[in-house]
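I have placed the structure first, in the form of C-alpha cells, so that the comments after it can refer back to it.
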Amino acid sequence: MAPYRRFAAATSLTAAGDGVFAAAVPLLAATLTRDPRLVSVVAAATYLPWLLFSLPAGALVDRHDRAGLLWRGVAVQAGLAGVVAVLAATGRLGV
C-alpha cells in the first residue's frame, strides 16, 4: 500500500502545482501590464509547450529512463521558475 500512497501524494502535489502555476502566470502578467490582450496571450502561451512538445517528449520517454528524465525536467522547471521569480522581484521582468 505504501507505493500507492506515494504515487497518490505525488500526483496530488503535481496537480496542485500545475493549478498554482496556471493561476500565478496570468496574475504575474497582470501586474506587469494592464493590457488584457497581453495578459491573455501570456496565459495562452503557458499551454503552448504542452501542445508542441507532448508527442516528441512521449517518444523520448519511451526510449530512456523515466525517473531520470522526470528529475531533470522538474529541476529545469524549478530553475526557470526561480529565474522568473528573481527577475520579477528585481523589476527586470516585462511582458
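We did not get these values from a lab; they are worked out from the coordinates using the rules stated. Since we're looking at a predicted model, the values are computed, not measured. Ideal geometry is used to build each Cβ from the backbone, glycine not excepted, and the neighbour counts take in all protein chains shown.
Tabulated values for the structure
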| read-out | value |
| --- | --- |
| When the chain is reduced to its Cα atoms, the Kirkwood hydrodynamic radius in Å | 15.6 |
| Helix 2-32 vs. the chain, principal-axis angle (Cα, 0 to 90°, nearest 10) | 10 |
| Rel. contact order, % - alpha carbon contacts under 8 angstrom, at least six apart, the chain | 28 |
| Residue among Thr14, Thr33, Thr46 with the largest mean-square fluctuation in a Gaussian network model of the chain, springs linking Cα atoms under 10 Å | Thr14 |
| Integer Hz, Karplus 6.51/-1.76/1.60 couplings in order for segment 41-50, x for Gly and Pro | 5, 5, 5, 5, 5, 5, 8, 4, x, 5 |
| Two-site label geometry, Ser12 and Ala24: point separation in nm, points 7 Å out along Cα→Cβ | 2.0 |
| With at most 15 other Cβ atoms within 10 Å, longest stretch of the chain clear of loop trypsin sites (Lys or Arg not before Pro) (DSSP) | 35-91 |
| Theoretical FRET efficiency, 1/(1+(r/R0)^6), r = Cβ-Cβ of Thr33 and Met1, R0 41 Å, to 0.05 | 0.25 |
| ³J(HN,Hα) computed for each position of segment 61-78 - Karplus, 6.51 cos²θ - 1.76 cosθ + 1.60, integer Hz, glycine/proline x | 5, 5, 9, 10, 5, 5, 5, x, 5, 5, 5, 5, x, 5, 5, 5, 4, 5 |
| Projected area, mean over directions - segment 41-95, Cα convex hull, nm² | 4.4 |
| Mean ellipticity per residue at 222 nm, deg cm²/dmol - from DSSP H runs of n ≥ 4 across the chain, formula -39500 (n - 2.57) | -30000 deg cm²/dmol |
